[in-house]
Ligand code: GRF
């Protein structure tokens, strides 16, 4: 299965997926909307094709999404993985990749969609927080959940300490979700994901 990974920054989730060396998966390209995304350097050093589709060059969201889709589709991927990709995508884009577009969000959805999830979790006083891998649908940070990981919120946590605890789990569950997809084990049933048996 061929995979295109989209990043906007650090790219540590992309790195975790690349390092997982998932059997049957080939990372065809890493694409960023920001030319300075650190993740691009790691990908290039691994011999992975990289590309930049700079959102600043496209005043219209639709034109950016069209250019982005063209860059992705040049690699004819079976799966597109959003890994810290910080642009909201148009409905047309999301529909085009329906059933083969994954995202990771740093909260236990449906709690805390959107930005600053760790700060908001601390403000809300929740004792459990975490991360969610989900298929992308038109609604932001919605869509069928593939896997979640929970972490405790500890007394004395700062935004940074909580983020680090969640990120360690992200690096575990995102490669896991990609592995399941590549193995053909994920079936979407309405808003739920069914994980099929290994043998099936
Ligand atoms: C991750 O916490 C991800 O869940 C969020 O942004 C962060 C990206 O980190 N959407 P990285 O670029 O994968 O290191």
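FYI, it's all coordinate maths here, none of it is from the lab. These numbers were taken from a predicted model, which means no experiment stands behind them. Neighbour counts are summed over all protein chains in view; Cβ atoms, including those assigned to glycine, are modelled from backbone coordinates with ideal geometry.
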**Asked** So is residue 131 assigned to a helix (DSSP H, G or I) and at negative phi or not?
**Response** no
**Complete:** Considering residues that are away from the ligand (no atom under 12 Å from the Cβ) and over 14 Å from residue 136 (Cβ atoms), the number found within the stretch 78-107 is 1
**Residue that is away from the ligand (no atom under 15 Å from the Cβ), in contact (Cβ under 8 Å) with a residue 24 or more places away in the chain and surrounded by 15 or more Cβ atoms within 10 Å (Cβ to Cβ), where the choices are 178, 182** = 182
**Prompt:** When you look at residue 122, is it crowded, with 21+ Cβ neighbours inside 10 Å, in contact with a helix residue (DSSP H, G or I) (Cβ under 9 Å, 6 or more places away or on another chain), touching a residue at least 24 places away in the same chain (Cβ under 8 Å) and not in a strand (DSSP E or B), yes or no?
**Reply:** no
**Prompt:** Of all the helices (runs of 4 or more DSSP H) wholly in the stretch 36-100, which have at least 2 residues that are free of Cβ contacts under 8 Å to residues at least 40 places away in the same chain and surrounded by fewer than 13 Cβ atoms within 10 Å (Cβ to Cβ)?
**Reply:** 38-45, 61-73
**Asked** Counting only residues that are out of contact with any strand residue (DSSP E or B) (no Cβ under 7 Å at 6 or more places or on another chain) and loosely packed, with under 15 Cβ neighbours inside 10 Å, which one in the stretch 1-35 is farthest from residue 186 (Cα to Cα)?
**Response** 19
